Structure formats: structure tokens, C-alpha cells
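The values are calculated or read from the model by the stated rules, or taken from the named source; none is laboratory data. The model shown is predicted, which means the values in this text are computed figures rather than measured ones. Quick reminder, even Gly has a Cβ in these numbers, built from the backbone with ideal geometry, and neighbours come from all protein chains shown. The accessibility values were calculated without ligands, DNA or RNA, using every heavy atom of the protein model including side chains. Shrake-Rupley method; radii C 1.70, N 1.55, O 1.52, S 1.80 Å.
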Amino acid sequence: MTSHHLHFHQSLSELSAQSLRRTRRVVDGPQGPTLEADGVKYLSFCSNDYLGLASHPGIVDATISAARRYGVGAAASALISGHAQAHETLERELADFVGMPRALYFSNGYMANIGAITALVGAGDAIFLDRLSHASLIDGARLSRAEFSVYPHNDIARLEHLLAKCRSPRKLVITDAVFSMDGDIAPLAALTALCERHGAWLLVDDAHGFGVLGPQGRGSLQHFGLQSDCLVYMGTLGKAAGVAGAFVAGHADLVEWLMQRARTYMFTTANPAMMASAVSASLAIIGRDEWRRERLREGAAYLGQRLAPLPWKLLPSSTAIQPLIVGDNQKARGLMGHLRSRGIWVPAICPPTVPKGTARLRISLSAAHTNEHLEQLADALLYAASALAGDAP
Ligand SMILES: *Cc1c(COP(=O)(O)O)cnc(C)c1O
């Protein structure tokens with residue numbers, strides 16, 4: 001081996017030794033409540049396709065028609081010639097859907113966050129981040145060169161203290177609306193009031209609330225009925241919407257500024273127009289099919305009740321994210337392995353993704369899960385608990 005790569009080899013071995021080495025499984029066929037991976041069929045509780053739209057026939061048809069009209073590639077960045085009628089229409093629809101003056105469609109949520117944060121603040125400014133913020137928000141904060149402080153999860157009092165002593169000309173508070181590993185909802189009304197009082201912007205990352213929360217799935221701000229010039233809303237379109245991309249919505253001048261300055265918007269080839277058409281088709285279904293959100297609520301209530309006897313605690317969550325806290329890393333992984341051997345795929349999430357001692361199974365519900373699917377999961381978990389306690393039948 002050349003010395004160039006020795007370093008990687010050793011670091012990879014260390015990862016393996018600590019059971020931190022990640023692998024991928026090869027999925028064949030569409031995403032749905034069941035999934036074929038490496039030739040084996042699984043019942044899936046591991047996707048963010050919360051509304052069961054990722055393989056919706058109507059959305060697939062809309063994508064195919066759009067491919068016939070626009071072709072497949074956008075061929076240029078949006079500001080050169082990659083911005084098609086489909087993108088233009090979608091941005092209008094997204095803004096109307098979340099009740100904001102204007103929206104800008106990005107390639108994905110990771111880039112939307114990085115682009116928005118770095119365009120809003122820079123050196124000399126200040127960012128305040130919830131401790132459990134998504135990696136893309138942390139990376140955006142770092143790239144911005146603004147000074148950034150992390151406040152304890154949902155700790156409004158602590159944030160108020162930090163804002164009160166901040167002397168920076170521009171302040172940006174950043175939070176997930178629904179936290180991706182806990183499924184809890186940020187106190188957005190209190191955060192908005194606080195930001196208004198302190199002249200700060202509030203960037204709300206609604207990756208897990210868009211489509212799921214609010215009337216007609218219009219997202220977390222609408223869930224709380226919030227409206228304010230300090231709000232900057234980010235929604236992703238690869239999760240509940242089942243397609244790809246993301247958008248940032250807010251005051252028209254702010255969104256125009258993002259179009260002028262967000263580098264992850266300017267210096268990348270636009271998403272294909274057919275993806276924008278797919279999202280438009282998805283948006284119509286999100287608004288119309290209340291039964292999908294009703295299924296999620298029923299699923300969450302069912303699990304809460306069936307899993308209550310377990311030795312592990314299901315975090316209270318009214319969203320599609322239902323975390324089962326196991327505690328110990330090896331135990332969480334063991335439980336995942338046990339479920340997998342029974343044909344059920346639920347990911348174990350371990351530190352550093354979550355705090356030490358809180359390793360968990362991240363159960364993701366989908367509107368496409370049937371009652372039988374949920375029963376299978378509950379039965380398997382109850383069986384695993386008794387097996388691990390040593391009194392398995
Ligand atoms: C998934 C996710 C993102 C990134 O969105 P992509 O479109 O997948 O890049 C950003 N923020 C949060 C909270 C997420 O869960």
C-alpha cells in the first residue's frame with residue numbers, strides 16, 4: 001500500500017473497530033412501506049416518505065409528461081438558462097402553499113440551508129443555533145463566518161439572554177421546526193416573538209413538518225398560525241413531498257436577495273424541470289389528501305399505546321418520527337439486528353448523531369403503512385423485549 005492511502009486505511013480500521021463504519025444496502029424497486037434490499041424484502045420504518053408519495057403513480061405520470069416537454073437535464077444554472085416554466089410555476093405554488101410572499105427552489109435542503117445562511121449573515125454578524133440543529137444548518141453557520149453560539153435545546157430563556165447581550169448588527173436564530181431525531185416541535189411562537197423583540201431573523205427548517213403539520217400540510221408555521229417579517233422558512237421536497245429539492249420562502253426582498261447572493265443557488269445546475277413538475281403534482285395531493293395525515297396521527301397513537309409496556313421509552317411525538325430510546329449503543333444495534341432478522345427495517349441511531357446514552361431506534365411512520373404493518377412492528381418489538389429479558393417463549 002502506498003503511504004498516501006495508509007492514513008485512510010488506518011482510520012477506516014479504527015471506525016470498524018468502534019462499530020462506527022457505515023455501509024449501504026442496495027435497494028431495488030420503488031420506496032414504499034415494503035422495500036427490497038440486497039434481494040430481501042423488508043417492512044420499512046426507515047424512510048422519510050411520510051405521506052407515501054415517493055412512488056405515487058400520478059406524480060410519476062406528471063414527471064414523465066414533463067420529461068417529454070422539457071427533456072431531462074436543466075443544462076444550466078437557474079440564473080443562466082436553467083429556470084423553466086415548471087420552476088417558475090412551482091415557486092409561486094410553494095409560496096402560496098406556505099403563506100409567504102415569495103419562494104426560491106433549491107436543489108436540495110442541504111444546499112438551501114447553506115445558501116440561505118451564508119447570504120443572510122457574514123463576518124461580524126451573529127448566529128444562534130439550537131443544540132439539536134441539523135448538520136446542514138451547522139455547516140451553513142460555519143461557512144458564513146458569522147460568530148455562532150449554540151443554545152440548549154428549545155431553551156428560550158437562554159436564547160433570550162444571548163440575544164440581549166449581542167451587539168452584532170445582524171442576528172440570525174436558526175432552528176429545526178420538527179427535530180429529526182426526537183420528533184418534537186420547536187416552540188415557534190415564542191421564538192418568533194423573541195426574534196421580533198430583538199430584531200433577529202428566525203430561520204425555520206421544516207424538513208420534517210412540511211406536508212405533515214398544519215392545515216392541509218402547509219407546514220409548521222401554519223400549524224401555529226405564525227406570520228412575521230422576521231421569518232425565513234425552509235422546506236424540503238424529498239421527504240413528505242416524496243420528490244427532491246427544497247425551497248426558502250419569506251419576504252419578497254429577502255428572497256430576491258437570496259437569488260442574487262446564495263452561492264448554492266447561483267453556482268449549480270438547476271434541478272431538472274421534470275422534478276419541479278413532480279413537486280407541483282405532489283403539492284396538489286398533499287393539500288387534498290387529509291387522510292394521509294390522519295393515518296400518521298392514528299399510527300402514532302397506536303404505537304404509543306401498544307409500545308407502552310416496553311422497557312424502552314417511546315418519546316412523545318405527534319409527528320411521523322417516533323423515536324424509541326434504548327440508551328446503550330450495542331443494545332440499540334442488537335435490537336435493530338433482531339428486527340431485521342424478522343424482516344423489519346428500523347434504523348438504530350447512535351452517538352454522535354444523538355447525545356451519549358440515548359441510542360435509539362428511529363421509527364419513521366408513513367401514511368402508506370397499513371394496520372397490519374404497524375401490528376407487525378409492535379409484535380416484533382414486544383417479542384424482542386421479552387427475548388432480551390430472557391423469558392422468551
Ligand atoms: C433532510 C434534512 C435536510 C436536508 O434536506 P435534503 O433535501 O435531504 O438535502 C435539512 N434539514 C433537516 C432538518 C433535514 O432533516
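Evaluated against (1) open to solvent by less than 10 Å² (accessible area, probe 1.4 Å); (2) away from the ligand (no atom under 16 Å from the Cβ); (3) touching a residue at least 60 places away in the same chain (Cβ under 8 Å), CYS195 falls short on exactly one condition, (3). Scanning the stretch 327-366 for residues that are open to solvent by 20 Å² or more (accessible area, probe 1.4 Å), part of a helix (DSSP H, G or I) and among the hydrophobic types (A, V, I, L, M, F, W, C) yields one hit, MET336. Can you find a residue in the stretch 193-201 that is in a loop (DSSP other than H, G, I, E, B) and either of a type in the set (Ser, Thr, Tyr) or outside the structural domain of PRO352 (by TED's automatic domain parsing) (or both)? Scanning the stretch 193-201 turns up at least one residue that is in a loop (DSSP other than H, G, I, E, B) and either of a type in the set (Ser, Thr, Tyr) or outside the structural domain of PRO352 (by TED's automatic domain parsing) (or both).
Applying the criterion of being open to solvent by 50 Å² or more (accessible area, probe 1.4 Å) and within 16 Å of the ligand (Cβ to nearest atom) to the residues of the stretch 80-131, the residue that is farthest from LEU202 (Cα to Cα) is ASN108. Considering only residues in the stretch 308-326 that are loosely packed, with under 14 Cβ neighbours inside 10 Å and of a type outside the set (A, V, I, L, M), the one that is nearest to the chain's Cα centre (by Cα) turns out to be PRO316.
Run down SER77, SER65 and say which single residue is farther than 16 Å from GLY287 by Cα, open to solvent by 60 Å² or more (accessible area, probe 1.4 Å) and in the same structural domain as VAL204 (by TED's automatic domain parsing).
The match here is SER65.
Does GLY250 count as of a type outside the set (A, V, I, L, M, F, W, C), open to solvent by less than 40 Å² (accessible area, probe 1.4 Å), away from the ligand (no atom under 15 Å from the Cβ) and within 22 Å of the chain's Cα centre (by Cα)? Judged against the criteria, GLY250 is a match.
Is it the case that GLY238 is within 10 Å of the ligand (Cβ to nearest atom), surrounded by fewer than 22 Cβ atoms within 10 Å (Cβ to Cβ) and at pLDDT 95 or above? Yes.
Among the strands (runs of 3 or more DSSP E) lying completely within the stretch 13-115, list those that include at least 3 residues that are within 23 Å of the chain's Cα centre (by Cα) and within 30 Å of LEU231 (Cβ to Cβ).
Passing ranges, in order: 102-106.
With respect to the conditions (1) surrounded by 17 or more Cβ atoms within 10 Å (Cβ to Cβ); (2) more than 11 Å from the ligand (Cβ to nearest atom); (3) assigned to a helix (DSSP H, G or I), THR264 lacks only one, and its number is (2). The set of residues in the stretch 231-261 being under 19 Å from ALA207 (Cα atoms) and in a loop (DSSP other than H, G, I, E, B) consists of LEU237, GLY238, LYS239, ALA240, ALA241, GLY242, VAL243, ALA244, GLY245.
All conditions but one from (1) part of a helix (DSSP H, G or I); (2) within 16 Å of the ligand (Cβ to nearest atom); (3) free of Cβ contacts under 8 Å to residues at least 24 places away in the same chain apply to VAL150; the one that does not is (1). Which of the residues that make up the stretch 145-157 are surrounded by 15 or more Cβ atoms within 10 Å (Cβ to Cβ) and charged (D, E, K, R)? Matches in the stretch 145-157: GLU147 only.
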